[in-house]
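The structure under discussion appears below in the form of structure tokens.
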Amino acid sequence: MNTLVQRIETAKDANDKAVQSSMLSPRFYTTDFAEINRINIEPLRKEWDIMMREYEGDNNHDHFQRDASFADEVAQSMTQLSKEMRQEFIDFLVSSLTSEYSGCILYNEIRKNISNPDLKQLMAYMARDEARHAGFINQSLRDFDLGIDLGSLKREKAYTFFKPKYILYATYLSEKIGYARYITIFRHLERHPDKRFHPIFRWFERWCNDEFRHGESFALIIRANPHLLRGGNVLWIRFFLLAVYATMYVRDHTRPMLHEAMGLDSATYDYAVFDITTQITRQVFPIALDTDNPKFRAGLAKLFTISKANDLAKKQGGWLGKLKQAWFVSQACLVFGKLYLLPIKRQVLTADVRMEPVW
Ligand SMILES: [Fe+2]
Ligand SMILES: [Fe+2]
């Protein structure tokens, strides 16, 4: 039995899981709105206006509706899944919904608290898209009577404060990695339709184009403010690259059966996603992680082993469990530090900031 995935049997379990804050669960963020308000995108005005027209065109306005065969496909395929597999899939849905909704809340809060017309308009468009994404996943949770109450999630979940530049690096990366994750699954299932055990995966192609465009917006903001890419900020970029990649790796490895059911191996999938993300980040980051370095790969595998041991210690409880947890956390920090110090790759920024989602 997979003891790494918390059992979700009732709507209360699903809501508790979404509210929970842990190292691996998606978080909600807040930031310094006055500083965001002062961000200037003028150096890339032409590119900005083109992007705004794309948002305005809203090519996905009709996408997030279920078609006639959706319910039939769910009824047919879900009965064939084992109980454990179902648990991993539900865990995946809850965690994806929390990420989507996290974006929706952050973008909406920024929109409400600033007057800068460029950023305000952007935040309204992105919040619109993320609300659709979260709502669409929630419909699939409701099929299992596990719908999330988004209003109470917004009220009850803890918020993490991030300085605006951290928000820019982290959000840029999560949008692009989100694109890479969805498109890798979509392309794989396109080649192996027999492995598509839920209709939601049919939506991923147009869906991930939204995420790609959200990432483009942050790329423009960062490139319009080049001080964000120099000096000590490069160390922060390095930190966020590693934090985002490592979290994804460990989180995905807690759900091995989900990938297996699609005919994917978690590690192969994750490294394919890192490859795409690294190619995309050439539009904005002067450095990239060398994810092919055997030491890098061994380090991520070690982090997963530590995370599993830490979970067992948490379940054990008591003072001994707590002591073990403290030990594992210190071990994880050590491995993270070693990974941080591995050689990185320098990359030359693309002349044009904008990229096309060609994967
Ligand atoms: Fe999204
Ligand atoms: Fe997004």
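Could you check, for region 232-245, whether at least one of its residues is within 16 Å of ligand 2 (Cβ to nearest atom), over 27 Å from Leu24 (Cβ atoms) and in contact with a helix residue (DSSP H, G or I) (Cβ under 7 Å, 6 or more places away or on another chain)? Within region 232-245 (the criterion being within 16 Å of ligand 2 (Cβ to nearest atom), over 27 Å from Leu24 (Cβ atoms) and in contact with a helix residue (DSSP H, G or I) (Cβ under 7 Å, 6 or more places away or on another chain)), the answer is no, since none of the residues qualifies. Examine region 143-162 for a residue that is without any contact (Cβ under 8 Å) to a residue 24 or more places away in the chain and under 19 Å from the mean Cα position of the chain (by Cα), and state whether such a residue exists. Within region 143-162, not a single residue is without any contact (Cβ under 8 Å) to a residue 24 or more places away in the chain and under 19 Å from the mean Cα position of the chain (by Cα).
Within region 72-98, being more than 15 Å from His198 (Cα to Cα), of a type in the set (S, T, N, Q) and either away from ligand 1 (no atom under 16 Å from the Cβ) or crowded, with 22+ Cβ neighbours inside 10 Å (or both) holds for one residue alone: Thr98.
Could you name every one of the helices (runs of 4 or more DSSP H) located completely within region 99-206 that has at least 1 residues being out of contact with any strand residue (DSSP E or B) (no Cβ under 9 Å at 6 or more places or on another chain) and buried (at least 22 other Cβ atoms within 10 Å of the Cβ)? Helices (runs of 4 or more DSSP H) meeting the threshold: 117-143, 164-191. For the structure I just gave you, tell me whether Leu334 is aliphatic (A, V, I, L, M), more than 21 Å from the chain's Cα centre (by Cα), loosely packed, with under 15 Cβ neighbours inside 10 Å and closer than 17 Å to Ala246 by Cα. When the stated conditions are applied, Leu334 passes them. Determine whether Ala34 is among the small types (Gly, Ala, Ser) and closer than 21 Å to Thr254 by Cα. No. In region 191-203, is there at least one residue being within 16 Å of ligand 2 (Cβ to nearest atom) and out of contact with any Gly (no Cβ under 8 Å at 6 or more places or on another chain)? Taking every residue of region 191-203 in turn, at least one turns out to be within 16 Å of ligand 2 (Cβ to nearest atom) and out of contact with any Gly (no Cβ under 8 Å at 6 or more places or on another chain).
For region 186-215, residues that are of a type in the set (D, E, K, R) and touching a residue at least 24 places away in the same chain (Cβ under 8 Å) total 7. A single entry from Ala134, Ala158 fulfils the requirement of being under 23 Å from Arg206 (Cα atoms) and either away from ligand 1 (no atom under 15 Å from the Cβ) or of a type in the set (Gly, Ala, Ser) (or both): Ala134.
Taken over region 231-274, the residue count meeting the criterion of being in a loop (DSSP other than H, G, I, E, B) and either at pLDDT below 95 or closer than 17 Å to Ile183 by Cα (or both) is 6. Restricting attention to region 22-42 and to residues that are surrounded by 13 or more Cβ atoms within 10 Å (Cβ to Cβ), part of a loop (DSSP other than H, G, I, E, B) and hydroxyl-bearing (Ser, Thr, Tyr), the residue that is modelled with the highest pLDDT turns out to be Thr31. Residue count for region 93-127 satisfying the condition of being among the small types (Gly, Ala, Ser) and within 13 Å of ligand 2 (Cβ to nearest atom): 5.
When Gly178, Gly135, Gly151 are screened for being more than 16 Å from ligand 2 (Cβ to nearest atom) and of a type in the set (Gly, Ala, Ser), only Gly151 passes.
The values are calculated or read from the model by the stated rules, or taken from the named source; none is laboratory data. Predicted model, so just to flag it, every value in this text is computed and none were measured. Here Cβ is always computed from backbone atoms with ideal geometry, including for glycine, and neighbour counts include all displayed protein chains.
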